[in-house]
Amino acid sequence: MTTLGDTAPVEDVIKRAYELLAQAPSAIIAATLEDALAIQKRPNVPGAPDSSWSLSLPESLEKLLSHPLARAIAEKLRDARNLGS
């Protein structure tokens, strides 16, 4: 889907996925904090037995603002918004 190889770093796959999402003609595109920090473990959806609906982030929100992957995702989505206007 991202045209990256199986050995591509997860951060590169995430950046490419958001680059492709940014090209979609969608009215709303949202990024997840888990993607911004390349977190593999995800909260379970409601109804799943023995599950947590939320997980703590490994970084503070203040650190998230300067996290390279979070900034790259924001840049991809911002660039797409600017192209569409």
Go through the range 5-57 residue by residue and tally those that are modelled with pLDDT of 90 or more, in contact with a helix residue (DSSP H, G or I) (Cβ under 6 Å, 6 or more places away or on another chain) and assigned to a loop (DSSP other than H, G, I, E, B). 2
Give the residues of the range 66-85 that are part of a loop (DSSP other than H, G, I, E, B) and either at pLDDT below 90 or among the small types (Gly, Ala, Ser) (or both), sorted by residue number. SER66, SER85
What is the residue count in the range 6-26 for residues that are more than 11 Å from the chain's Cα centre (by Cα) and more than 13 Å from ALA38 (Cα to Cα)? 9
For LYS63, indicate whether it is modelled with pLDDT of 85 or more and closer than 18 Å to ALA30 by Cβ. no
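The values are calculated or read from the model by the stated rules, or taken from the named source; none is laboratory data. For clarity, every value in this text was computed on a predicted model and none was experimentally measured. Here the Cβ is made from the backbone with ideal geometry for all residues, glycine too, and neighbour counts use every protein chain on show.
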